[in-house]
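Student: Sharing a structure here in structure tokens format.
The values are calculated or read from the model by the stated rules, or taken from the named source; none is laboratory data. Just so it is clear, the structure is predicted and the values come from calculations on it, not from any experiment. With ideal geometry, Cβ positions are generated from the backbone for all residues, glycine too; neighbour counts draw on all protein chains shown.
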Amino acid sequence: CHVAGTCDAASGSCSNPHKTDGTACNDASACTQTDTCQAGVCTGTNPVVCAALDQCHVAGTCDPASGVCSSPDKANGSACTDGDACTQNDTCQAGTCVGTNPVVCAAVDQCHVAGTCNPASGVCSNPDKPNGSACTDGNACTQTDTCQAGTCVGTNPVVCAALDQCHVAGTCNPQTGACSNPTAADGATCDDGNICTFTDTCQGGACVGAEPVFCAALDQCHDAGSCDPATGRCSNPSKADGSTCDDGLFCTVDDSCRAGMCGGAARDCSALADQCNDGTCDEAAAQCEPTPKPEGTACSDGDACTQADTCAAGLCVGANPVVCAPEDACHGVGVCDSATGSCSSTTIACTDGDPCTTDSCDPTTGCVFQPVTGLAAVNCLMASPAFDVCRPIPPAIARAMAQAQSRLAIARAMSDPRRAQQLLRQASHLLKQAAKKALKLAKTRHLSPVCAGALYGNLLEANSHLGQLRNTP
């Protein structure tokens, strides 16, 4: 807002002349729209006006740097109008007009449906329900109520017909829908549906029959019956099972009614019955008598050893006796036990009296006598009954035999095979000495030939068995 000046020659100072008033300038505020120089100063005019944007904002302020107006919200809850007549409470919320408490368009009655609100007027529509929609017209005597053009119309009225022949047609109560039920005059003719009554009339609203049919009992096993109202026929009820009666027969006892028939239990003639006879009752003779069972009827003669017992002329006869054959070569012929039918089985005794044999029986071949071997044979020979002719055995021979037996016993229990073989050799040597001693005593006539022969033979045979043991690894 100034122009260049001139220098004062006297003072050396420059002048500072103003620009002409009205010259355009810039006052540095974007909020003034017309800036001009006035008396050397840039003055802004025609300021920016920050009006409120709408009903939920207030006037703002201009920003000198940008020239932009602020737009502050009105306080929440400030009154406004949202332009919709169907909202009843409109207030500002965060700078926006919000309508609340909307108009509710409820159905006017049971033949209308809820309407919709007109935003321009705030008035609800009132549409009809579809024709035929169910409703209630308030009259219990109409059974089918439906909406027709927005009105509840009742149809299909209750018909109060006479309940039966002793009542007349009634009227319907609109409050309850129940029919009255007036009775016909007493004495009015009716039909009780019971053929067993001959005179039927109305009495107090009920059909009452008179002059009933009488049904007498037919016999001793029936009671008096009752008339069937549908057919007019009499029933014929049986007396209770077990009721006493008499069927007039000798061959039945304790007669009683069963299912309307008189009958008794068969007379017991079992005292005359056995396994080959039936005790039967003869009605004509009025007595019990035995009757033979058919020939060949199975029976039991009391002897389990007969296998085919049958009746013949009222007697039990046994046949096909049990044969007790030997089971095998080790059994003899058995004997049948008449009480059980089982055969005895006699075992054959296999013994040859020789302690130096093992006695057994083979089921195929019979008795088997197997000579013993090894130490058993040695011990057996040294205890042979053949020595009985030598009793008492000469001391030297008896001592040698005893020593040999001792060594044999030790050898039997010995776990060392070499030591056992040594003992067997010693025993063999002792037996040979005893045998030689027997021969020597026989030569000097200190021992009989029979005794010497028995000792010598058995001792040498025992020594032979020892030799076999010594040669066994």
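Student: Could you grab me the full set of residues in the range 4-15 that are within 18 Å of Ala39 (Cα to Cα) and surrounded by fewer than 11 Cβ atoms within 10 Å (Cβ to Cβ)?
Tutor: Matches in the range 4-15: Ala4 only.
Student: Does Cys215 satisfy the criteria of being more than 54 Å from the chain's Cα centre (by Cα), closer than 30 Å to Pro182 by Cα, surrounded by 17 or more Cβ atoms within 10 Å (Cβ to Cβ) and not small (Gly, Ala, Ser)?
Tutor: no
Student: Next question, about the same structure. Residue by residue through the range 49-96, note down the ones that are among the acidic types (Asp, Glu) and loosely packed, with under 14 Cβ neighbours inside 10 Å.
Tutor: The answer is Asp54, and nothing else.
Student: Only residues that are in a strand (DSSP E or B) and surrounded by 15 or more Cβ atoms within 10 Å (Cβ to Cβ): list them for the range 313-357, please.
Tutor: Within the range 313-357, Cys316, Gly318, His331, Cys336, Cys343, Thr357 meet the criteria.
Student: Still on this structure: I'd like the full set of residues that are of a type in the set (Ser, Thr, Tyr) and surrounded by 15 or more Cβ atoms within 10 Å (Cβ to Cβ), limited to the range 97-139.
Tutor: Ser133 - this is the single residue of the range 97-139 that is of a type in the set (Ser, Thr, Tyr) and surrounded by 15 or more Cβ atoms within 10 Å (Cβ to Cβ).
Student: Which ranges mark the strands (runs of 3 or more DSSP E) fully within the range 77-178 that have 3 or more residues being over 60 Å from the mean Cα position of the chain (by Cα) and of a type in the set (S, T, N, Q)?
Tutor: Those strands (runs of 3 or more DSSP E) span 87-93, 96-102.
Student: What residue, of Ala442, Ala413, Ala398, is free of Cβ contacts under 8 Å to residues at least 40 places away in the same chain and touching a Gly at 6+ places or on another chain (Cβ under 9 Å)?
Tutor: Within the list Ala442, Ala413, Ala398, the selection yields Ala442.
Student: Shifting gears a bit: So which residues in the range 279-314 are in contact with a Pro (Cβ under 9 Å, 6 or more places away or on another chain) and β-branched (Val, Ile, Thr), if there are any at all?
Tutor: Within the range 279-314, Thr280, Thr306 qualify.
Student: Can you confirm whether the range 387-397 contains a residue that is under 30 Å from Leu430 (Cα atoms), surrounded by 15 or more Cβ atoms within 10 Å (Cβ to Cβ) and not assigned by TED's automatic domain parsing to the domain that holds Gln426?
Tutor: The answer is no, given that none of the residues of the range 387-397 is under 30 Å from Leu430 (Cα atoms), surrounded by 15 or more Cβ atoms within 10 Å (Cβ to Cβ) and not assigned by TED's automatic domain parsing to the domain that holds Gln426.
Student: Oh, and also: Anything in the range 224-257 that is farther than 29 Å from Glu283 by Cβ, under 51 Å from the mean Cα position of the chain (by Cα) and among the small types (Gly, Ala, Ser)? List them, or say none.
Tutor: Selection gives Ser235 alone.
Student: Which is of a type in the set (Val, Ile, Thr), in contact with a Gly (Cβ under 6 Å, 6 or more places away or on another chain) and modelled with pLDDT under 95, of Thr87, Thr81?
Tutor: Thr87
Student: Look at the range 9-63 and say how many of its residues are more than 30 Å from Thr96 (Cα to Cα), assigned to a loop (DSSP other than H, G, I, E, B) and not charged (D, E, K, R).
Tutor: 17
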